[in-house]
Structures are given as structure tokens and as C-alpha cells.
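Take a look at the structure set out below.
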Amino acid sequence: MSAPAAPSAPTAPTAGRPAGRPRVGVTALPGRSLVRIGPVSVQVRRRSVLVAAALVVLLLAAGVLSLSLGTPYVAPADVLRALSGAGTPYDLVVLDLRLPRLVLAAVAGAAFGVAGTLIQSVARNPLASPDVVGITQGAGLAATVALTTGAAAVLVAPAALLGGLAAATLLFLLGARHGLAAQRFVLAGVAVAFALRALTEVVLLTADPIDGLRAQIWLIGTLAGKGWNESLWIALTLAALLPVLAWAGWALNSTALDDDTARGIGLRPVARRVGLAGTGVLAAAMVTAQVGAVDFVALVAPQLARRLVRAERPPLLCAALLGALLLVLADLGGRRLFAPTQLPAGVLTAAIGGPYLIFLLLRGRRRPS
């Protein structure tokens, strides 16, 4: 008879891990990379990183182009020297006249992109944006009243901010039934937008013609005559919302879930939707108060970013970068396409938004019912 086999030696526990506890591996999903920061693992979509990097490069190129073109023309090399502080004959033109407007276009476009992403994700509708659900119209009505009643110029922006927030409050009250359901939210927003727009027209018709013209220019949206002060207010708002936006980037992943599924995995869908929509509304109201009713940037940027990334929802960072790029290009086009006549940036963004809506309509007709 053969001798019984010797018992095998016990396996030594892995250093730093209790014996008997299996090691759980975290694998990245297809198309994503796993980034570990201490004990935290984050899935990063590789295409999002590439698109964001490309948008940053395009935004920098558009910025240099915006600082170069005009009267006088400044060569890109001189623009870079002026920005670096090397000192050029064009420092006044680049740093004092054009740079403030460029920075304002970038931060305002980024804020519009963020606001549109949050509102569209909550509404689950690519047509939902601040200028569709009444936020822009509320700010426009308040600004029109301020401009046509002789209020001081410094009161126009605060009045517009309060008007946008008041419109948002009305929107939430009307859409609060059934947990801020997506369809009800959009319908309530469209109703609020039409009502406020009608009131704005009444104010314009009864106002002094000169004051009415000033209000109409504000309603179109322009960056002319604005710069560092407006940029500072928008940047401070985005900085204050940065912790919320960091949470929103993660919370947006659950907006496509129905309420029962979300509750089943321990989420609070209604509170989450209200938080996301409230953040978007605050950003939209602030940027509209500073630059006027620049339409379509918040509508177009999130969906273009989503298509570039090929994601199921608009990516927050890419939408912000694309919004900044769109508004910088719109402002540049408004300054140079019909020079010496300058068009408000809102005219150019409307020219972008119209074909975009036609594209959505045609694309929707090609889809099966």
C-alpha cells in the first residue's frame, strides 16, 4: 500500500489583506480606463478625454484668432507675446479691448453648456434648455421692465437674475407633481416661456421707443461693452457651484433610470432631479443676467457634445467646453462677418440653432415610430 499523501501547507495570507477574504478585482468597462486615487476607483471614458482635449485646443485657437482679427489686425505671434507680458505695441488692443470680451464669451458659453446639460438630463429631452423652459424669458421680462422704467444700469443684471429665478420657481411649482416628471417639466416650462414672452412684448409695446430698443438689444444677447465684471460674476457662480457640479457629473448617470429602479438601488430620484435642475437654473439665470438672452448655446452644446463622445447622456465637461467654443466663435463672427457693423452674439447663435432644430426634426422623422 502506498503511503497517504502529506497534507498541503496552508496558503499564507496576502500581505495587507485578512486571510480567507477573496480579493475583489475592479475591471474597466469597454471604452473606459480605470483611474485609482487612493482607495477610490473612477471609470473614465477614453473618448471623453480625447474629445475634451481636442475642444481645449480648438478653444485656444479660436481665442488667439479672436484676439488677432479686427481693426487693427494683430499677428498671432504678437498676440502670444502680449499675453506673455513681453510687451508689444498692441498691448492695449489685445489686453484691454479684446481679451475681456473673449474671456466673457468663454465663461458665459461654458455656463450655458453646463446649464443646458443639467436641464436636458433632468428633462430627458434634447429640446429642454433655459431658453425653452422659461428661465431666459423670466430674466428677459425683468430686464425689460428695468430698462424701460428708467432704472439705473447697475440694477439691470440683478433684476434679470431675480426674474430668472422667479421663473424657475414658477416652473418648479407647476412641474412638481409626480416627482418632477420629465414630460410635465418640459410642458410646464414651455407654458411659462410663452406667458413671460407675451408679457415682455406688452412691456415693449408700451415703452418709450429708445428704451424699447435698448431692451430689444438686451433680449437678443450681446457681449459688446462688457468684460471683466460680468466674467467675474459668472466665474464666481461656477466656482461656488463646483462641488455641486462634481456631484452632478456622477449623479447624471442615474437620470435615465425610472423612479422605481432608482429607489430599488437606494437612490432618491426626486431630490436628485430637483438638485440637478436647481443647479442648472442658477447657472442659467446668472449668465443670462450678465450677457442677455443668448439663445441656443445651452440647447446645442450638450447634444453636440453627446454625439462627439458617443455617450448615452451629455457629458458635463465636454458640453461646457463646446459651449465656450460656440460662443467665442459666435462673438467673433458677429464682430467680423459684416464689419464695420457688429452683430450681437445672439444673432449668430440663433443662426446656429435654427438649422440644428431642423436637423433634429428631420432626424426624428427618419426614426421608426
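The values are calculated or read from the model by the stated rules, or taken from the named source; none is laboratory data. Values in this document were obtained by computation on a predicted structure and should not be read as measured data. No Cβ is skipped: glycine too gets one built from the backbone with ideal geometry, and neighbour counts run over all protein chains shown. Each accessible area value is taken on the protein alone, full model and side chains, heavy atoms only, with ligands, DNA and RNA left out. Shrake-Rupley method; radii C 1.70, N 1.55, O 1.52, S 1.80 Å.
Among residues other than Ala207 with Cβ under 11 Å from its Cβ, the summed charge is -2 (Lys and Arg +1, Asp and Glu -1).
The local environment of Ala284, defined by Cβ-Cβ distances under 14 Å, has a net charge of -2 under the rule Lys, Arg +1 and Asp, Glu -1. The alpha carbon gyration tensor of the range 123-243 gives principal lengths a ≥ b ≥ c with a/c of 1.5 or higher and a/b no greater than b/c, which makes the shape oblate. The distance between label points at Leu174 and Ala77 comes to 5.9 nm (points 7 Å beyond Cα on the Cα→Cβ vector). Note on Asp211: accessible area approximately 40 square angstrom, rounded to 10, probe 1.4 Å, nucleic acids and ligands left out.
Each peptide among 129-140, 332-343 gets the average number of other Cβ atoms lying within 10 Å of its residues, and from highest to lowest they stand as 129-140, 332-343.
Using alpha carbon coordinates only, what is the Rg to Rh ratio of the range 93-190, with Rh defined as the Kirkwood radius? Mind showing how you got there, number by number?
Numbers: Rg = 16.1 Å, Rh = 14.9 Å.
Checking Rg against Rh, the ratio lands at 1.08.
The dipole here belongs to the range 77-154: it is taken about the Cα centre, uses +1 on the Cβ of Lys and Arg and -1 on the Cβ of Asp and Glu, and is about 160 debye. Scaled against the 2.2 N^0.38 Å expected of a compact globular protein of N residues, the Cα radius of gyration of the range 67-122 reads 1.52. Where the centre of each part is set by its Cα atoms, how far does the range 207-235 sit from the range 284-301, in angstrom? Here the answer is 12 Å between Cα centres.
Only Cα sites of the range 286-333 enter the Debye sum here, all with the same form factor; the resulting log10 I(q)/I(0) across q = 0.14, 0.20, 0.21, 0.27 1/Å is -0.35, -0.66, -0.71, -0.99, listed in q order.
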